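Novice: Here you go, one structure.
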Amino acid sequence: MTDQSDKRVFLAGATGAIGRPLCRLLVADGWQVTGTTRSAAKVPLLRELGVGPVVIDVYDAAGLMAAVVAARPSVVIHQLTDLPPALDPALMADALVRNARLREVGTRNLVAAAAAAGARRMVAESIAFAYAPGPLPHDEDWPLNVASGPSARAVAGLEEQVLAGPFVGIVLRYGQLYGPGTGSDTPPTGGPIHVDEAADAARLAATRGKAGIYNIAEDDGTVTITRAAEELGWRPGFRMKNEK
């Protein structure tokens, strides 16, 4: 458990589809939140959410380390992606290449910064739809389909880096996202997850759960979510209230 008297969190990817509701949840829980954005235009949004904004590119390793160390977080949360607005299918091919690099290089920089800052816990976004083919539902011990290409290998690399860090490493394998900012208002097939449900899981993981991997998806028989329920106290169905 994280020391509740030291509730400082560094949230990388604070303006994303999951990052925005997660900011609200963390602030409501009494966390002092430092959140990143690549765009100075999004600084007012973060301030409106009650978040201390940092404009930084995760590939700027020195700048990122300085920002994380200055924030003195007990917890670092990795919600970084490099995907197009509303997951525009016309832009996804190039975005997947960028996103794979982000998972590899960006994660490396963030893990190093978290370690330098003395963070005691790191929570990182992964995906629950990169499993190798096999009988359903997949639990967290089922292998990833790394033979399928660079995207799955980058997912595996992200997870390995977080789990090997000098802190309690928590990997949240999110299902297929829907909700605000995703381009879909209805649950897709194959393990859906609403962005509010995903944010709730990250909020819980900031203080709960032992190091390891957790499937985070609605229970449609695609992946098992028993571990998240037992260790994190997470269950699907959460929705934000009074969202601005």
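The values are calculated or read from the model by the stated rules, or taken from the named source; none is laboratory data. None of the values given here were measured: they were computed from a predicted structure. Cβ atoms come from the backbone with ideal geometry, glycine included; neighbour counts cover every protein chain shown. SASA here: full protein model, heavy atoms, side chains in, ligands and nucleic acids out. Shrake-Rupley method; radii C 1.70, N 1.55, O 1.52, S 1.80 Å.
Novice: Give me the extension gain from R108 to Y59: residue separation times 0.36 nm, minus the current Cα-Cα distance, reported in nm with one decimal. Don't skip to the answer; put the middle values down first.
Specialist: Details: separation 49, 0.36 × 49 = 17.64 nm, distance 0.94 nm.
Net length gain for the segment: 16.7 nm.
Novice: Determine the percent antiparallel among the DSSP beta bridges restricted to the range 82-201, to the nearest 5. Display every interim value, and only then the final one.
Specialist: Details: 2 of 12 bridges.
About 15 percent, rounded to the nearest 5.
Novice: Using modelled backbone amide H atoms (1.01 Å from N, in-plane), which distant-in-sequence or interchain residues come within less than 5 Å of N145's amide H?
Specialist: Amide H neighbours of N145: Y131, A132.
Novice: Still on this structure, please answer the following. Classify the chain as rounded, prolate or oblate, taking a ≥ b ≥ c as the square roots of the eigenvalues of its Cα gyration tensor: rounded when a/c is under 1.5, otherwise prolate if a/b is larger than b/c and oblate if not. If you can, show how the numbers build up before the last one.
Specialist: On the way: a/c = 1.28, a/b = 1.27, b/c = 1.01.
Rounded shape, in that the Cα axes give a/c under 1.5.
Novice: Which residues does a label at D220 reach in the range 6-45, if reach means a backbone N under 15 Å from a point 7 Å past the Cα toward the Cβ?
Specialist: Correct set: none at all.
Novice: To continue, here is another question. Please state the shape class of the range 74-139: rounded when a/c is under 1.5, otherwise prolate if a/b exceeds b/c and oblate if not, all from the C-alpha gyration tensor. Mind showing how you got there, number by number?
Specialist: Details: a/c = 2.54, a/b = 1.35, b/c = 1.88.
Oblate is the answer for the range 74-139, as a/c is 1.5 or above yet b/c matches or exceeds a/b.
Novice: If you take the beta carbon distance between R47 and A164 as r and set R0 to 35 Å, what does 1/(1 + (r/R0)^6) give as a FRET efficiency, to the nearest 0.05?
Specialist: Details: r = 35 Å, r/R0 = 1.00.
Computed FRET efficiency for R47 and A164: 0.50.
Novice: With the chain treated as a Gaussian network of Cα nodes joined by springs under 10 Å, which of A205, A117, A217 yields the largest mean-square fluctuation?
Specialist: Its mean-square fluctuation being the largest, the pick is A117.
Novice: Of the heavy-atom accessible surface of the chain (probe 1.4 angstrom), what whole percent is carbon and sulfur? Could you put the intermediate results ahead of the total?
Specialist: Details: 5740 of 10620 Å².
Percent of accessible area from carbon and sulfur atoms in the chain: 54.
Novice: OK, next. Rolling a 1.4 angstrom probe over the protein heavy atoms, how many square angstrom per residue are accessible across the range 99-244? Mind showing how you got there, number by number?
Specialist: Numbers: 6120 Å² over 146 residues.
Accessible area per residue, the range 99-244: 42 Å².
Novice: Taking 7 Å along the Cα-to-C-beta vector as the label spot, tell me the K241-A132 distance in nanometres, rounded to one decimal.
Specialist: Here the modelled spin labels are 4.5 nm apart.
Novice: Any idea what angle helix 195-205 forms with the longest principal axis of the chain, computed on alpha-carbon atoms, 0 to 90 degrees, nearest 10?
Specialist: So the helix axis and the longest Cα principal axis differ by about 70 degrees.
Novice: Roughly how many nanometres apart are two label points built 7 Å out from the Cα toward the Cβ at V146 and A211?
Specialist: Distance between label points: 1.8 nm.
Novice: Assuming a ≥ b ≥ c are the square roots of the Cα gyration tensor eigenvalues, decide whether the range 145-199 counts as rounded (a/c under 1.5), prolate (otherwise, with a/b larger than b/c) or oblate. Write down the numbers at each step before the final one.
Specialist: Details: a/c = 3.09, a/b = 1.55, b/c = 2.00.
Oblate.
Novice: From the phi angles alone, apply the Karplus equation (6.51, -1.76, 1.60; θ = phi - 60°) to the range 63-76 and give each ³J(HN,Hα) in whole Hz, x where the residue is Gly or Pro.
Specialist: x, 5, 4, 4, 5, 5, 4, 5, 6, 6, x, 7, 9, 10
Novice: Sticking with the crude label model, points 7 Å out along Cα→Cβ, report the distance from D185 to V69 in nm, one decimal please.
Specialist: With each label placed 7 Å out from Cα toward Cβ, I get 4.8 nm.
Novice: Enumerate the amide H contacts of I193 below 5 Å, restricted to partners 5 or more residues apart or on another chain; note that Pro and chain-start residues carry no placed amide H.
Specialist: Distant-sequence amide H within range of I193: Q176, L177, Y178, E218.
Novice: Could you size up the charge dipole of the chain around its Cα centre, putting +1 on the beta carbon of Lys and Arg and -1 on that of Asp and Glu, and report it in debye to the nearest 20? Walk me through the intermediate numbers first.
Specialist: Numbers: 24 positive and 26 negative charges, 158 e Å.
Taking the Cα centre of the chain as origin, the dipole is about 760 debye.
Novice: Give the residue list of trypsin sites (Lys or Arg not before Pro) in the range 142-213 that are DSSP loop and have at most 13 other beta-carbon atoms within 10 angstrom. All intermediate terms of the calculation are to be shown ahead of the outcome.
Specialist: Details: sites: R153, R173, R203, R208, K210; in loops: R208, K210.
Within the range 142-213, the qualifying trypsin sites (Lys or Arg not before Pro) (loop, at most 13 other Cβ atoms within 10 Å) are K210.
Novice: Hey, what did the chain get for relative contact order, percent, Cα under 8 Å, at least 6 apart? Kindly include the intermediate steps, with their values, before the conclusion.
Specialist: Details: 514 pairs, mean separation 46.2, N = 244.
Rounded, it is 19 percent for the chain.
Novice: Could I ask something else about it? Taking 0.36 nm per intervening residue step and subtracting the Cα-Cα distance, what contour gain separates A28 from E231 on full extension? Numbers along the way, then the final one.
Specialist: Values: separation 203, 0.36 × 203 = 73.08 nm, distance 2.21 nm.
In short, 70.9 nm is gained.
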